[in-house]
1. Given (1) modelled with pLDDT under 80; (2) at the interface with chain A (Cβ under 8 Å from one of its Cβ atoms), where does B:SER99 come up short, assuming only one miss?
2. Scan the helices (runs of 4 or more DSSP H) fully inside the range B:132-226 and keep the ones with 3 or more residues being at the interface with chain A (Cβ under 7 Å from one of its Cβ atoms).
3. Look at A:PHE287 and say whether it is at pLDDT below 85 and farther than 22 Å from A:ASP203 by Cα.
4. For B:ALA74, state whether it is under 17 Å from B:ALA133 (Cβ atoms), at pLDDT 75 or above and surrounded by fewer than 19 Cβ atoms within 10 Å (Cβ to Cβ).
5. I'd like to check something: does the range A:183-199 contain any residue that is at positive phi and touching a residue at least 12 places away in the same chain (Cβ under 8 Å)?
6. Need a quick list: strands (runs of 3 or more DSSP E) entirely within the range A:1-119 having at least 1 residues that are at pLDDT below 80 and more than 8 Å from chain B (Cβ to nearest Cβ).
7. Being hydrophobic (A, V, I, L, M, F, W, C), surrounded by fewer than 17 Cβ atoms within 10 Å (Cβ to Cβ) and more than 22 Å from A:ARG429 (Cβ to Cβ) is the filter here, so list the residues in the range A:353-373 that pass it.
8. Looking at (1) at pLDDT 80 or above; (2) surrounded by fewer than 19 Cβ atoms within 10 Å (Cβ to Cβ), which is the only condition A:GLY334 fails?
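The values are calculated or read from the model by the stated rules, or taken from the named source; none is laboratory data. Predicted model, so just to flag it, every value in this text is computed and none were measured. Every residue, glycine as well, gets a Cβ built from its backbone with ideal geometry; the counts of neighbours run over all protein chains shown.
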Amino acid sequence: MSNTARLDSCPKCGASIPAGAPQGLCPRCILIGAATATDTGIAATATSEIPSRDRIAAAFPQLEILELIGRGGMGFVFKARQPRLDRFVALKLLPDKLARDPRFAERFNREGRVLAKLNHPNIVSVFDFGSTEHFYFLIMEYVDGVNLRQAMQAGRFSPAEALVIVPKICEALQYAHGQGVLHRDIKPENILLDSRGHVKIADFGIAKLVGEETPDISLTATGAALGTPHYMAPEQFEKPFDVDHRADIYSLGVVFYEMLTGELPIGRFAAPSSKTPVGANVDEVVFRTLEKDRERRYQSAGEMKTQVEHLSEPGVSPFKGGSISPRVVEATPGAHGAPASNPPAAHHAVAPWSQKAIWGAVLVGISLCPVIALLVFVFFVRAFGNIGGGPWGLIVLVVLAALTLPAIAGTVLGWMGLSDIRAHAGQMRGYPLALFAALGWMEMILFTLALGIAVMMAYVAVGPGPMGALLMLPVCAGAITFAVWAGFAAARWGANKPAPGTRGKLRWIFCGLLVCGFGYITLVLTLRHAQRNPEAADPVQADEATVAPPRTVPQAEADTVPRP
Amino acid sequence: MLRARGETPEARVALGELCEAYYQPVLRFLRREGRDEDAARELAQEFFARILSRGGFDEADPGRGRFRSYLLGALKHFLSDQRKHGHRLKRGGGGAADSLDDAGADDDAGALPIAELVSPEPECFFDHEWALAVIARALALLEREFKEASRPEQFDVLKPWLMGEGPAMSQADAARVLKMSEGAVKVLIHRLRKRFRNAVRSEISQTLRDPSLVDEELRHLIAALS
């Protein structure tokens, strides 16, 4: 036949076809064709397969076919009008070529049945579905507006708008999940915004009834249109037969991230707050929806909705520079996704307590209380009674030695607990306890050290002279600043938070401490001066006693004021 | 390939079929070593006769369950045996390569003809020929099916679309030639592709002990054609 004339070069790859090629066809391209799923050709050839309007009009005499408004792997969508009801509808058609394939037809029927069960203001309703001689079709609610992709391309999204839209989608998902229906292809193209600002989810086309028996491979393996890779949850790739409603939550997280940043969360993605003016509490919600492990995500769309709505509540500003700054929120342990502050009840039920944190806190608490009592007692003893002799020193040593073991054990447990909680990304309770256990003793020692130095300064100030005290001042201030920094750094580490860049604050703390110390030395010197002028001694002494009770008074008093 | 294992008469028959199917790559391989058509044919006959008399390839498994690798390994072994026993003149006839071989030392290097210089890897050549054989068999199967359905012209017209793209003619032209609607042609092409895909896969799976390796083997063959 004339049309089987040998080709010299392959129409696909352009390489010359070797003489020994079977049937005169490019062997490489033909084998590649055999290796690729037959259905991938759909998208490429779709353009030429749009059914003509005349054919559609003939098939649907009850409709006025107006225009083509969309097409995808699952068919074409036309805007149409039902004259009798005087309303617009969206007519979705399966391409006739696919209609002959029972697999596609089955998927189409499934989409219709699943969608028809759903009745929610945020879900595109299905009025009718079925088949004609040439077409499988769905008649759906017509949404006059744009999809989220178009809206994002038009650049009209602020974080505040995203925070309004996402809870609506959550609501629709929660409803559908409640009906046992998964969407499985949440993406901006499937989220419609109508002209009155309503949000509607379209295309439950690949939805699959939860609890359905053995998944039909032929239905899920058709590749082309099933799920859109960037929006798919990890388990949709890894275990496609074991996907549940939490995959939708992940996909919505991707959409949320994209709405906030304009980018997809691929690889090691940045926190939304680094791309757009939102606070760390928004990051937290987004990160939680994008957890690779679905056990760590929000466990229901309703829970996610609550959290996102909470971001917009007065007093919890999601924005930088809002009424509560992100840094303050971050400094509150409860806001680290730890359950202390405000997670919904469902979450409380599933999050376990960190046993290590509890025991660590108990041990540290037990060991710390007597030490504090002892310190206070020793100060008072030294201040008011002169019993600082042999037995007291021994008692102090014995008590301290006895407490070393629980103190060390508690601190170690605290750090282990903190590490566990960190690994669970806030899905484990006991964060404040772990923090207390891990840091209690360290901070205690640091502060005691700093106070000890302060006390020593009092000696130095009255002894060798004020210059020595001034030299020791930065050491003391540095120790306290370090203690503060260590506390916050550990808290951040435990809660998986990035460094907020608050070095500036530490500088101010340090300077403040220097000023305080300077004032303190001046006070001590004044006291000394007052001691030399007996007339002024009484009022100054009374004044000083009210200023800083256990910290400095005893020492200063003991050395500067002669006891009766 | 599963059928071709063991000593039963059935296994013999299955192995015979497989050898017949892949006679061509072996022949081309032998030709490539510088033999003329008749000599290569004779050598191939002897090679297959020996394979069949030995009763299959389950005694050792050099190809890790791939008939292609097994056959190539056996072929190389066979050729080196031939050289060792000095049967070249008797079996292989007096080609240019052979006379060179005789003149030089009696080792493998002497047998390497010019073709070796063009493509240094004999395995690649063999795999390339093997891939062509797989395609040819799958196409022949489809052609036979169309003939049996009394539609040989459909196969002739539509087979270029197996490459992914049609030739210069459009699907509409094809529809005119075949006196069918364009939609029907599209469906036919879709089915043809699917049928071809299945034919290639089943063809390949026959040569594998583990059918789950089909995709891997297919990728290997595509690479061999590059």
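1. (2)
2. Values: elements: B:152-158, B:171-178, B:182-205, B:214-225.
Where helices (runs of 4 or more DSSP H) fall fully within the range B:132-226 and carry at least 3 residues being at the interface with chain A (Cβ under 7 Å from one of its Cβ atoms), they are B:152-158, B:182-205, B:214-225.
3. When the stated conditions are applied, A:PHE287 does not pass them.
4. no
5. Within the range A:183-199, one or more residues are at positive phi and touching a residue at least 12 places away in the same chain (Cβ under 8 Å).
6. Where strands (runs of 3 or more DSSP E) fall fully within the range A:1-119 and carry at least 1 residues being at pLDDT below 80 and more than 8 Å from chain B (Cβ to nearest Cβ), they are A:64-72, A:75-82.
7. Listed by number, the residues that qualify are A:CYS369, A:ILE372, A:ALA373.
8. (1)
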